[in-house]
Structure formats: C-alpha cells, structure tokens
Amino acid sequence: MGSIFKNIKGDRLIWAIVALLAILSFLPIYSTAKGANTFSSFVTHFVHLALGFSIMYGIHKIPYRYFRGLSLVMIPVVLVLLVITIFQGEVRDGAAASRWITVPIVNKSFQPSALASVVLLIYVARYLSKMKEEVITFKSSLLPLWLPMFLVLGLILPFNFSTAAIIFSMALVLMYFGGYPLKYLGAISGIGLLGLCLFVAVAKNTDGALHVKVNTWENRIKSHFSGEEETGSQIEKAKIAIASGMVNGVGPGKSIQKNFLSQSESDFIFAIIVEEYGFIGGFIVMLLYLWLLFRVVIVAQKADTIFGKLLVLSVGIPIVFQALVNMGVSVGLFPVTGQTLPLISWGGSSIWMTCLAIGVILSVSAKREEIKEQEIREDNPLEILSETI
C-alpha cells in the first residue's frame, strides 16, 4: 500500500476529493438501479470508476508538456469519431440521438463528444500559450483556432446542444483568461449565436429527426422561462424529490421519486441524493465540487508555465461547471440539459473523460512538486550525496 501512495504524485487534496466523490456515488447508483439488475448496475459502476482511476493514474504520470502536441494530433481523430457517430447514430422517440459510438470487440458505447470537449479545450490552451507573446488578430486566429473549434461544435450541436454550448462557453472563458482580445470574443459570440439561429431555422423547416430535436429544445426552454412545467414532467418530479428530502433526507435507498424519474441515475441523480440524504447530503456534494474548483485554481496559479496554467483551467473549470449545471437543472434553475454529475452519475464516457481531465491537472501539479523537490535538493547537497552513496 505504501508503494502505491509513493507513486501517486500531484495535489493530494484533489486525489482525496475525487476519491470521496467516487465513494459517495455508490449508494445513489445502487438506489437508482432499475429492476432485477441492481447489483449488476452497482458492479458495472464500480468497473467504470476503476477504469477511470486507472486512466487518471496513467495520465498523471505523463509530463504535461506532451499534451501540447497530443491535442494537435487528437483534433483530426475527434473529428473522424464525431462523423462516424453521426452515421452510426440512432433515432429515439423520433428525435436524433447520434451521441454514441459502439466500440468494436468490447461492444460498448462511447460518447465521442465527451472526448472532444477535453481535446478541444486543451487545443485552445495550446494555441493561447503559443501566442502569448504575439499580437493576436482575428484573421491570424481564424484557421488555427476557430476553424477546428467550429468544425467540432458543428458536429456536436445537432445531437447534443447542451454539450456544444458548454464547450463554446468554456472556450470563451479560457480565451478571456488567456488574453484573447475582448472585441474579437464579442464578434465570435455573435457569429456563434447567428450560426445557432440559422441551424434552428433550417431544422424547423425540414422534416425528420432534427426537426423533432429542435422542437424538444424549444419546448424545454419555453416551459422553463414561462415557469409552467408540465404536470408530471421530469423537473416537477425532481423538485418533489428535493422537497421530500428536507434537512436529513428520507434515508438511503428510500427515495420514492427514483421510480418515476426516467434519468434518476444520471441527469437527476442530485435530486435523488437530496431526497435520500437531505439538504445536508446535497450541501456536502456541492461543497466537494467547490473545493475541487478551489484546488484547480491553486494548481493553475502555481503552474510553472503559461501552458500549464491554461491547461489546468481548460480541463478543470468545465468539470465544476457541468456539476453546477446538473444541480441547477434538478432545482429548476436551468432547463433540462442531459448533463451528468461528474464522477457520481451513471455512465462510462462521462466518468472516464472526467478522470482523464483530472489526470491532466495532477500531471501539472506533479511537475510543480518535482521542481520543489529539486530546489530542496539543490539547497541541501548532503541529501544528494547520501542518495548517490
């Protein structure tokens, strides 16, 4: 056991937070499992987390400078995966649902948009760090920055609006921190909004799955802002679950609304957590994500290069933002988005990509530790001599 902890590098508090979130996920997942597959779902979730932690461990051992080149290589790979996903996709309830790709041999589904989110934001961090000492113009950044971004977002948008919106928003935030000119960010935001409106207009004037998908978005947004949720809607059931939890909750496994919420194990798992563990349980979960954000900021601040700082922000902030969106949907602050609660919700792709992102953060943190250890050794020549002997 000691050798395992000795090989774990990076921010120990981040390791602890991630482990706590993973541990806290087991009871809600077990509680929300449907039918006779309760134990099977529990075991599958354990396997997803075990593989996720293996990914995190492996990634955090890679010197973070290599992620600069890997992001450049992975952009074409992500584009190919997204195109394959569109053609291999399926239609559910008449709506386009091309989000998953079946991995050969293991015959498991994987969501390429989750990988695209991590890769694209690392690519943005790479570009901004590379151009830090140069004057950035819209024209010079059009091909190397905006073309890959809009290609990726354009392939995700028709089937997963919320993910595309989150990636675009996080990219704009990262560019702001990276010193990209504000006047160009405003122009790009306008172009993005115009592109979205054009897509919606085309989809609404055509027949087929995309038309149904856009109508679903429209109905969700209208019902949210009008404050008139349909009786028996998922949001209403989530609010009932939260109200039932009160301060202490109804107890582990005793949720009633898990039987009526269709996505109780993923999109609305926070509502089930509050119902079973009350305000106290929900507050602890939220506090862990905010603590993770605090540690991400600390690691970014202490990173030894501009790329390291931007890299940590690029993969760290979206995790916490996604968690806040998921919780916000459950309490009625946002329309239904389909975003999972990182490390807690059911789903392999979400867990694996979250662990990959955390591994990147730990890689940056590990480099800082390595520098500090080197400085200590340089200040203490006797320690170097004793190691040599």
When the residues of the stretch 296-312 are filtered to those that are β-branched (Val, Ile, Thr) and assigned to a helix (DSSP H, G or I), which remaining residue is surrounded by the most Cβ atoms within 10 Å (Cβ to Cβ)?
-> Val312
The one condition Leu157 fails out of (1) touching a Phe, Trp or Tyr at 6+ places or on another chain (Cβ under 7 Å); (2) modelled with pLDDT of 90 or more is (2)
How many residues does the stretch 313-350 contain that are modelled with pLDDT under 90, open to solvent by 20 Å² or more (accessible area, probe 1.4 Å) and not polar (S, T, N, Q)?
-> 8
Please tell me if Asn7 is closer than 17 Å to Leu362 by Cα, surrounded by fewer than 13 Cβ atoms within 10 Å (Cβ to Cβ) and out of contact with any His (no Cβ under 6 Å at 6 or more places or on another chain).
-> yes
Among the residues of the stretch 21-53, write down those that are under 23 Å from the mean Cα position of the chain (by Cα) and open to solvent by 70 Å² or more (accessible area, probe 1.4 Å).
-> Ile23, Leu24, Leu27, Tyr30, Phe46, Val47, Leu51
Does the stretch 189-198 contain any residue that is more than 20 Å from Phe138 (Cβ to Cβ), open to solvent by 30 Å² or more (accessible area, probe 1.4 Å) and under 23 Å from the mean Cα position of the chain (by Cα)?
-> no
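Residues are listed down the side, and each one gets a yes or a no for (1) in contact (Cβ under 8 Å) with a residue 24 or more places away in the chain; (2) within 27 Å of Ala116 (Cα to Cα):
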| site | (1), (2) |
| --- | --- |
| Leu142 | no, yes |
| Ile166 | yes, yes |
| Ala171 | yes, yes |
| Leu185 | no, yes |
| Gly195 | yes, yes |
| Ala201 | no, yes |
| Gly245 | yes, no |
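Give Ile242, Ile284, Ile280 a once-over and let me know the one that is in contact with a helix residue (DSSP H, G or I) (Cβ under 6 Å, 6 or more places away or on another chain), modelled with pLDDT of 90 or more and within 24 Å of Ala33 (Cβ to Cβ).
Numbers: Ile284 fails: in contact with a helix residue (DSSP H, G or I) (Cβ under 6 Å, 6 or more places away or on another chain); Ile280 fails: in contact with a helix residue (DSSP H, G or I) (Cβ under 6 Å, 6 or more places away or on another chain).
Ile242 is the lone residue from the list that is in contact with a helix residue (DSSP H, G or I) (Cβ under 6 Å, 6 or more places away or on another chain), modelled with pLDDT of 90 or more and within 24 Å of Ala33 (Cβ to Cβ).
Given the options Tyr180, Tyr184, name the one that is assigned to a loop (DSSP other than H, G, I, E, B) and closer than 26 Å to Ile306 by Cα. Spell out how you get there, then give the answer.
Details: Tyr184 fails: assigned to a loop (DSSP other than H, G, I, E, B).
Of Tyr180, Tyr184, the one residue that is assigned to a loop (DSSP other than H, G, I, E, B) and closer than 26 Å to Ile306 by Cα is Tyr180.
Residues checked against (1) in contact with a strand residue (DSSP E or B) (Cβ under 9 Å, 6 or more places away or on another chain); (2) among the basic types (Lys, Arg); (3) open to solvent by 20 Å² or more (accessible area, probe 1.4 Å); (4) farther than 16 Å from Arg220 by Cβ:
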residue	(1), (2), (3), (4)
Ala238	no, no, no, no
Ala243	no, no, yes, yes
Gly253	no, no, yes, yes
Ile273	no, no, no, yes
Quick one: in the stretch 54-67, which of the residues that are of a type in the set (Val, Ile, Thr) and part of a helix (DSSP H, G or I) is least open to solvent (accessible area, probe 1.4 Å)?
-> Ile59
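The values are calculated or read from the model by the stated rules, or taken from the named source; none is laboratory data. Values in this document were obtained by computation on a predicted structure and should not be read as measured data. Glycine also receives a Cβ, built like all others from the backbone with ideal geometry; neighbour counts cover every protein chain displayed. Each accessible area value is taken on the protein alone, full model and side chains, heavy atoms only, with ligands, DNA and RNA left out. Shrake-Rupley method; radii C 1.70, N 1.55, O 1.52, S 1.80 Å.
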